[in-house]
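Chemist: I have a structure I would like to understand better, so I am pasting it below and will then ask my questions one at a time.
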Amino acid sequence: MIEPDLEKRRALEKAVAQVIEEHNPDREQRIRGQRQVSQELGFANYRALCEELSGQDLRALGKQMSGFPKATDEAYRARIADAFRSEDLWGDYEVRLAGG
């Protein structure tokens, strides 16, 4: 369920953003560690390690998926608008789209 009270929702979003910000140094350390271990194992980078272990060409996958956002944008916007309307939040969604 989406919190119906706009002010409470904004406070929750602010609290989530603060927690994310607090954990960013941990994420950075983890990413640096992945890179270091990948290189210690003889891979150029973490992506190369993942490609080797998964058997997937991640660059090719990225190219294949590059058109996905554009191809699904209209359907996504229609579905998200329906969801916001069903929760009686459409007005707030329109304000956010306008940058408010």
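Chemist: Could you list the residues of the stretch 1-19 with an amide nitrogen less than 20 Å from a label point located 7 Å from the Cα of D88 in the Cα-to-C-beta direction?
Modeler: Hits in the stretch 1-19 for D88 at 20 Å: 1-11.
Chemist: How far is it, in nm, from the label point at D26 to the one at A60 when both lie 7 Å from their Cα along the line to the Cβ?
Modeler: 3.7 nm
Chemist: So what are the ³J(HN,Hα) numbers for the stretch 59-71, from phi and the Karplus equation (6.51, -1.76, 1.60; θ = phi - 60°), rounded to whole Hz, Gly and Pro as x?
Modeler: 5, 5, 4, x, 5, 4, 8, 4, x, 4, x, 5, 5
Chemist: On C-alpha positions alone, give me the angle between the axis of helix 6-40 and the longest principal axis of the chain, in degrees, nearest 10.
Modeler: Tilt of helix 6-40: around 10 degrees.
Chemist: How big is the chain in terms of Cα radius of gyration and Dmax, in angstroms?
Modeler: For the chain, the Cα radius of gyration and maximum Cα-Cα distance read 20.1, 54 Å.
Chemist: Net charge near A44: determine it from the other residues with C-beta under 11 Å of the C-beta of A44, scoring Lys and Arg +1 and Asp and Glu -1.
Modeler: Working: positive: R35, R47; negative: E51, E52.
Once positives and negatives cancel, what remains is 0.
Chemist: Quick one: compute the contact order of the chain, relative version, from alpha carbon pairs under 8 angstrom and 6+ residues apart, as a percent. Could you put the intermediate results ahead of the total?
Modeler: On the way: 23 pairs, mean separation 24.7, N = 100.
Reported as a whole number, the value is 25 percent.
Chemist: Now a separate question. Given N residues in the stretch 1-57, what is its alpha carbon radius of gyration divided by 2.2 N^0.38 Å? It would help to have the intermediate numbers written out before the result.
Modeler: Details: Rg = 18.5 Å, N = 57, 2.2 N^0.38 = 10.2 Å.
Working it through for the stretch 1-57, the quotient is 1.81.
The numbers here are math on the coordinates, done by the rules we state, and not lab data. Note that the coordinates shown come from a computational prediction; the quantities given were computed from them, not determined experimentally. All Cβ positions, glycine included, derive from the backbone under ideal geometry; neighbour counts span all protein chains shown.
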